[in-house]
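Comments concern the structure below.
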Amino acid sequence: MSTPGYTEVNRSLQKWQGEIARYDKEKTEAQHSAEAARERYEHLELENDQFHFTEAGFGLAIAMFAVASLAASRMLFGLGVFFGAWGVVTGLAGFLGWTIRPGVSIFG
């Protein structure tokens, strides 16, 4: 290969190696950004689950209180208090960022 052609190829090779290094750096930055987004998503999903359990706890508590008042049952009233307290705890966990996992702690 002639000297002018060799230098042109060498310049082109250096240019492409620079592009490869730039893309490798961008790939690493994108991976870090994706990991941060995944962690944020998991945190928000936990909060969402906590608020669903809060809503369920309050709904069950209201139902238990209604049935307890009709049946004059202290046991159903106590069960309503339990579900209401569970709703308060999971609601506070959602607002204060506690890592209570309601599905795990109740069902196994």
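All of the numbers you see were taken from the coordinates with simple rules; none came from a lab. Small disclaimer: the values here were computed from a predicted structure and weren't measured.
Here Rg/Rh (Cα atoms, Kirkwood Rh) was computed from the coordinates, and among (i) 1.60; (ii) 0.97; (iii) 0.93 the match is (i). Global size of the range 50-96: 11.1, 37 Å for Rg and Dmax (C-alpha atoms, Rg to one decimal, Dmax whole). Hey, what number do you get for the chain at 222 nm if only DSSP H runs of n ≥ 4 count, each worth -39500 (n - 2.57), divided across all residues, to the nearest 500? It lands at -33000 deg cm²/dmol.
Over the chain, calculate the relative contact order: mean separation of alpha carbon pairs under 8 Å at least 6 apart, over the residue count, as a percent. For the chain, the relative contact order is 26 percent. Against the chain, whose longest principal axis is taken from its Cα atoms, helix 74-96 shows a tilt of about 20°. Cα axis of helix 3-71 to longest principal axis of the chain: angle in degrees, 0 to 90, nearest 10? Here the helix axis deviates by roughly 0 degrees.
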